[in-house]
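In what follows, a single structure is set out as structure tokens and then discussed.
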Amino acid sequence: MSLRAKLTLGTATAASLLLLAGTATAAEPGAPGIGDPYYPNAGNGGYDVSHYDIRLNYQPATDNLSGTTTIVAKTTQDLSRFNLDFLLKVSSIRVNNRVASFTQDGGELVVDPKTSLRKGSDVTIVVTYSDVPSNYAVDGYKAWKRTPDGALAIDEPDIAQWWYPSNNHPTDKATFDVSVAVPDGVEVISNGLFNGTAKQINGWTRWRWRSLKPQATYLTYVAIGQFEVRQSTAPNGQPVVNAYSLNLGENELPAKASVERTPEVTEFLEQSFGPYPFEAQGGVVAPGIGFALENQTRSTYDPAFFRRGANTYVVAHEVAHQWFGDSVSVQRWRDIWLNEGFASYAEFLWSEHVGEGTAQENAEYIYDLYPADSPFWQVLPGDPGAADLFHGAVYDRGALAVHALRVAVGDEAFFTILKRWTQSKKYGNGSIEEFVALSESISGQQLDELFQTWLFTKGKPAAAPGAATFATQAVVAEPKAFRKIRETHEVLAGHQH
């Protein structure tokens, strides 16, 4: 405890003497960003959130979203004020039950609790707001997506600020309660366990969802509209909730033929990644997204993934993210390979499982697909830059990097590395450097050159992983899985904004 912290309240003279002597520790504002080079304004400093209670009302006809978000947090420094990431108009804020003052500018909500908050203090923040999310854009982009029958709060990495105030960075995970009241006949889908609905006297219904495990803010979502909601039980006893927009048209049945297999895909991936880390499973298919996103426990898919029939490869990709991205999240956004490289490699594993091409065949075919002078080889999966966070190279070259590791260390060490990583970093965060260190520790090999070649060096490597040298390599026939994998990655890479 600092000298100043030991002072009795009211001893202003003693405190002033200490300040003059330079020995006192004054409360300071929390940082307006968490220090991520790709997104300097993402997240905030000075506190750590443990829980969000998001209780809202939404009117699809007007796109008005109103209600409160209650944040349970603990300070990590002496705070004079702190920031939340939020775009919508706030009407009031209370900090530990006392009215606080605040200002808003460019997605930064600056809160002045009017009294200093000591380091290690428990803090409860209640933010009340009402606004139209679709009125807001950041750098010309609108992450809140209105649909003919509702809205979708689904995007990566910045959706949270369009619908609830938060510490918006994957390094500050929390548990969530999400409840949204909508007019009768409208459905609301979110993460985790379905806690039922409650009829209200005004002709509205409140939908309630609970996430029991730590969850990143961008993986927390709502899908509001007309849905067919299917509830079932997975073989492991977990609840499964799948939801299909009533506006899927000819893509409806292929979507169901894919997403309904989520528990089967999950069971298969457990063999490679270890036990499934969450309390529920499922998926949502809704138009207007333009991509897929690994929302924790319940991934969301655009119907474009199923326009040519069933596509279990995108399901394998998003389910794999439950380990790589959701349970183990990036330390900084430049570590995105730890998400997308391994989710893409899960498609190779699924291809082997269903007999549509081995991982080696898929790796060699993708390698051959891009000529040496292709711009594809100029994007570095290990540090792609914010503008290329979802570039095709992060997916395809990222998967080649994973296969290169498998070839170098052998299957036994490779799958041990994957399971050790997902277990040791469960519900936390990890960096590429930490993954490389773990790989070297388990394999007993020095792997700097391998990762430098596949993740951090521009240009086409001399040979596909596991193949002959570039000069003598034969062209591999297209694996049966490739068209689906290619289509999946094209839609996923279209997510950039």
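Residues in segment 321-351 that are within 20 Å of Asp383 (Cα to Cα) and hydrophobic (A, V, I, L, M, F, W, C): Phe324, Val328, Val330, Trp333, Ile336, Trp337, Leu338, Phe342, Ala343. Here is the figure for segment 111-126: residues that are free of Cβ contacts under 8 Å to residues at least 40 places away in the same chain and either assigned to a strand (DSSP E or B) or in contact with a Pro (Cβ under 9 Å, 6 or more places away or on another chain) (or both) total 2. Within segment 157-172, if we keep just the residues that are more than 11 Å from the chain's Cα centre (by Cα) and open to solvent by less than 10 Å² (accessible area, probe 1.4 Å), the residue that is farthest from Ser130 (Cα to Cα) turns out to be Asp172. For segment 375-389, the set of residues classified as open to solvent by less than 10 Å² (accessible area, probe 1.4 Å) and in contact with a Leu (Cβ under 8 Å, 6 or more places away or on another chain) consists of Pro381, Gly382, listed by residue number.
Condition check ((1) open to solvent by 20 Å² or more (accessible area, probe 1.4 Å); (2) touching a helix residue (DSSP H, G or I) at 6+ places or on another chain (Cβ under 9 Å)) across all residues:
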| site | (1), (2) |
| --- | --- |
| Asp36 | no, yes |
| Tyr47 | no, no |
| Ile54 | no, no |
| Leu87 | yes, yes |
| Ile93 | no, no |
| Ser121 | yes, no |
| Thr124 | yes, no |
| Asp131 | no, no |
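Note down all Cβ pairs under 9 Å where the first residue falls in segment 368-385 and is closer than 22 Å to Val330 by Cβ, the second is open to solvent by 30 Å² or more (accessible area, probe 1.4 Å) and not in a loop (DSSP other than H, G, I, E, B), and they're at least six residues apart or on different chains. Listed pairs, sorted by first residue: Val379/Asp388; Leu380/Asp388; Gly382/Arg334; Gly382/Gln452; Asp383/Arg334; Pro384/Arg334; Gly385/Arg334.
When we screen Asp177, Asp112 for residues that are of a type outside the set (S, T, N, Q) and open to solvent by 40 Å² or more (accessible area, probe 1.4 Å), the only hit is Asp112. Hey, among the residues in segment 139-156 that are open to solvent by less than 50 Å² (accessible area, probe 1.4 Å) and within 11 Å of Leu87 (Cβ to Cβ), which one's nearest to the chain's Cα centre (by Cα)? This residue is Ala143. Among the residues of segment 414-422, are any open to solvent by 30 Å² or more (accessible area, probe 1.4 Å) and without any contact (Cβ under 8 Å) to a residue 60 or more places away in the chain? Yes, some residue in segment 414-422 is open to solvent by 30 Å² or more (accessible area, probe 1.4 Å) and without any contact (Cβ under 8 Å) to a residue 60 or more places away in the chain.
Taking segment 64-101 as the range and being assigned to a strand (DSSP E or B), closer than 14 Å to Thr128 by Cα and among the hydrophobic types (A, V, I, L, M, F, W, C) as the test, the residues that pass are Leu65, Ile71, Leu84, Val90, Ile93, Val95, Val99.
The values are calculated or read from the model by the stated rules, or taken from the named source; none is laboratory data. None of the values given here were measured: they were computed from a predicted structure. Note: ideal-geometry Cβ built from the backbone for every residue, glycine included; neighbour counts use all protein chains shown. The area values use the complete protein model at the heavy-atom level, side chains included, leaving out ligands, DNA and RNA. Shrake-Rupley method; radii C 1.70, N 1.55, O 1.52, S 1.80 Å.
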